[in-house]
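See below for the structure under consideration.
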2 protein chains.
Amino acid sequence: MEAALLQDVLFKLLVIIIAAKAGGWLFERIKQPAVLGELIVGILLGPSLFGLIDPNIAHGTIAFTSFEIITFIGEIGVILLLFQVGLESNIYQLLKAGVASTLVAVVGVVLPVSLGFAFFKYVYHAPTLVSILVGATLAATSVGITMRVLSEINKVSSEEGKIILGAAVIDDILGLIILSVIAGLAAGASANLGFTIGKIVLFTLIFLIGTLVIGIKFTPVIYKYAHKMKIKRTFVVSSFIFAMVASLLAHLIGLATIVGAFAAGLVFERLEEKEHFERRIKPVADIFVPVFFVMAGVYLDLHSANLNMLYVVGVLTVLAIIGKILAGWAAIGAKANKLAIGVGMIPRGEVGLIFAAFGITNAIITNATYSALVVVIMITTLVTPPLLVKLMSGGKKDKHPKKKIDNIM
Amino acid sequence: MEAALLQDVLFKLLVIIIAAKAGGWLFERIKQPAVLGELIVGILLGPSLFGLIDPNIAHGTIAFTSFEIITFIGEIGVILLLFQVGLESNIYQLLKAGVASTLVAVVGVVLPVSLGFAFFKYVYHAPTLVSILVGATLAATSVGITMRVLSEINKVSSEEGKIILGAAVIDDILGLIILSVIAGLAAGASANLGFTIGKIVLFTLIFLIGTLVIGIKFTPVIYKYAHKMKIKRTFVVSSFIFAMVASLLAHLIGLATIVGAFAAGLVFERLEEKEHFERRIKPVADIFVPVFFVMAGVYLDLHSANLNMLYVVGVLTVLAIIGKILAGWAAIGAKANKLAIGVGMIPRGEVGLIFAAFGITNAIITNATYSALVVVIMITTLVTPPLLVKLMSGGKKDKHPKKKIDNIM
């Protein structure tokens, strides 16, 4: 490899990883999710301030190749992140998540997506695909922040906590289906919009269920052979390979790569050795994942901030919050504080950022829209903890407080 | 990231990793080092047969960016590999390696390097830098193969085994110094060749010793803070960051990156938690390292084979073997089978390949010379085991046979 390129990539990658770790640490110190710190590091390193990493660099330069290499490392990070999310989602628990969780999840996706879509399509007169992407970014709850707050006030096993957790997992899957729809629409096709969407939804469901059925039947066999072949440390290598293969397959049949990664995680969750996989893949993900969120920050150029963007941010934030709070009231039959459930669903995080990043890297949304979306995601993440503590502090506490939940963000 | 590029990289990377694992496994089954299998996988995937990965692709294409991304992943692999080698080299054992090991190492580097250099410079009339690189490729012994053979016949703790092990570690350091010299010369400069070489040798020694002194004094402190900052799983992340920082520093002061990685390994070897680092970084290295050796194979184009190349391969192989066998006789004062020591030093492996790859990616040597060097390395690796078994089978066996040594190749 050319020495100048190697030096450029090594230097930038190191700055990104070290700054991300420091930023994440700082934010955890002030009780905020690490991902916020990583995003802000990205904003600072990008064109907004230091200009170390510039997404608008000219093709063919060393800095451009360097940018592509670092972006790919971030992409591996997202694949590993969704693999981890899958590993943490129990499929059977999902099936019995209950009516309350399901209703909260469905309303909590339908409302923000349609509100966001309607605002962009009819007030802002944006193209359909842009409007869908904006709406979709508001869909998925990032349950990590809520769960961490609840764990700090010993409320994880409260009725509210259980409903939120169940709803958030269903949320993730609905979000993945929407992203696949967007990926499909972005790839062109669609003389008939309804037909295309229907086909992609069906494909995603078939893929998720198919991977699960095939995976659960065959993974133990493959795994046994891997053991026999004495491929050392099969935990990390085999989960890495499996997650990448599933992502590539998903991509090849026209779905989003992370649908595959998530499905791979669900499959491995069924293995006896589940916990080994979780523990072994985490340190690897810890290197790659922050790179993605820093790169997500790099695309936010503060120079593009103006009154119009502030207006969009304001409206979208209100819609994002209202949509989820109303979803809380959908928890029919649950003896729980419905406002608290709604508030617990407010934070958007990783998945929302993945959507927005997909939008800008595939040239669906403009830089200004992207920046607005990232700011909205950051605000929803910032407002939740204080509200939740206020709403949930009274009443029964967890009898056996679990150990602090590791925030995968 | 552009969908077409993501798909291209993911696909190629997966093929490389899976094929490398399969090739490595196959070769281990027939008692050959995994690295040979990985090299052959690379030759097959490259222009020689399938043409999936082509180093001569036009700039600016997706396949080109893809090639650069995969190459960088291989570069991380080399950094992690040399970090592991450093982790396995005890600095104090090195200092007391003894006269016999030191003599074997020095003669075993000086002879093959000067023979290879002389052949290329004076018979072949090649430029000085090319001749130095060819000689240098023949320098470093890959002790993994020898140690595995000795472990299989329970002879690791024989006098021969100890001398070979000590000599191989010194070999590595001498090899790194030579590579730094080449890197420095390749970067230009040098009105005065002798002065440049002297400066680089001095720099490398200062760097190695400096990193060690500073590292041993400060790493425990840094590490304590890392612990305090609750950066989770600090083993993998911190060793990864430290190895990369040291590599970048080495590069910036004009040395080879892997000198830095090796020094970082030496520093971490001094930490109490050494074994945790070894165990945790290995699975990560297991993903990256094979990518480097596959990419090393890709550059070997069998179409460039001709009678002249066969002649070069033949002469270099003889010089490579003679140089090391004579080095065995330098083990003055040792009560050991000196022929066996020499034979044990014959295999070249990872380090030789790193040299050759450095040569071709920096356009120092031609494709034909590169191909010849790779074939020579492969032959030295293949001939050693049967010879060694023949020479060492008699006599005292290890009293406490160690568990099989994990070949880092």
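Numerical summary
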| item | result |
| --- | --- |
| Some residue of segment B:174-181 being within 14 Å of another protein chain (Cβ to nearest Cβ), within 27 Å of B:A372 (Cβ to Cβ), among the aliphatic types (A, V, I, L, M) and surrounded by fewer than 24 Cβ atoms within 10 Å (Cβ to Cβ) | no |
| Failed item, numbered, when A:G135 is tested on (1) within 30 Å of B:G60 (Cβ to Cβ); (2) crowded, with 19+ Cβ neighbours inside 10 Å; (3) not basic (K, R) | (1) |
| Residue within segment B:188-209 that is within 14 Å of chain A (Cβ to nearest Cβ), surrounded by fewer than 20 Cβ atoms within 10 Å (Cβ to Cβ) and more than 17 Å from B:A261 (Cα to Cα) present | yes |
| Total residues in segment B:28-37, condition in contact with a helix residue (DSSP H, G or I) (Cβ under 6 Å, 6 or more places away or on another chain) and within 13 Å of chain A (Cβ to nearest Cβ) | 3 |
| Residues within segment B:1-11 that are surrounded by fewer than 19 Cβ atoms within 10 Å (Cβ to Cβ), assigned to a helix (DSSP H, G or I) and either more than 8 Å from every other protein chain (Cβ to nearest Cβ) or of a type in the set (D, E) (or both), tallied | 1 |
| Matching entry among A:I360, A:I354 (being touching a Phe, Trp or Tyr at 6+ places or on another chain (Cβ under 6 Å), of a type in the set (V, I, T) and assigned to a helix (DSSP H, G or I)) | A:I360 |
| Residue satisfying condition, being in contact with a Gly (Cβ under 8 Å, 6 or more places away or on another chain), buried (at least 22 other Cβ atoms within 10 Å of the Cβ) and not in a helix (DSSP H, G or I), within set B:T141, B:T146 | B:T141 |
| Number of positions in segment B:328-363 that are within 14 Å of another protein chain (Cβ to nearest Cβ) and either surrounded by fewer than 20 Cβ atoms within 10 Å (Cβ to Cβ) or among the polar types (S, T, N, Q) (or both) | 3 |
| Residue ID - nearest to B:A63 (Cα to Cα), chosen from residues in segment B:20-30 that are among the aliphatic types (A, V, I, L, M) and surrounded by fewer than 21 Cβ atoms within 10 Å (Cβ to Cβ) | B:A22 |
| B:A320 being modelled with pLDDT of 90 or more and either among the hydroxyl-bearing types (S, T, Y) or crowded, with 24+ Cβ neighbours inside 10 Å (or both) | yes |
| Matching entry among B:G60, B:G74 (being part of a loop (DSSP other than H, G, I, E, B), of a type outside the set (A, V, I, L, M) and within 12 Å of chain A (Cβ to nearest Cβ)) | B:G60 |
| Residue match in segment B:18-27 (condition: free of Cβ contacts under 8 Å to residues at least 60 places away in the same chain, more than 11 Å from chain A (Cβ to nearest Cβ) and in contact with a helix residue (DSSP H, G or I) (Cβ under 8 Å, 6 or more places away or on another chain)) | yes |
| Unmet criterion (only one of (1) in contact with a Phe, Trp or Tyr (Cβ under 8 Å, 6 or more places away or on another chain); (2) within 19 Å of B:L36 (Cα to Cα); (3) assigned to a helix (DSSP H, G or I); (4) of a type in the set (A, V, I, L, M, F, W, C)) for B:V376 | (1) |
| Condition met for B:S114 (surrounded by fewer than 19 Cβ atoms within 10 Å (Cβ to Cβ), in a helix (DSSP H, G or I) and of a type in the set (G, A, S)) | yes |
| Single residue of A:L103, A:L82 found to be out of contact with any His (no Cβ under 6 Å at 6 or more places or on another chain), touching a residue at least 12 places away in the same chain (Cβ under 8 Å) and under 30 Å from A:N367 (Cβ atoms) | A:L82 |
| Residue among B:T102, B:T71, B:T128 that alone is under 24 Å from B:A285 (Cα atoms) and polar (S, T, N, Q) | B:T71 |
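The values are calculated or read from the model by the stated rules, or taken from the named source; none is laboratory data. This one's a predicted model, so the numbers in the text were calculated from it and none came from an experiment. Every residue, glycine among them, receives a Cβ derived from its backbone with ideal geometry; neighbour counts consider all protein chains shown.
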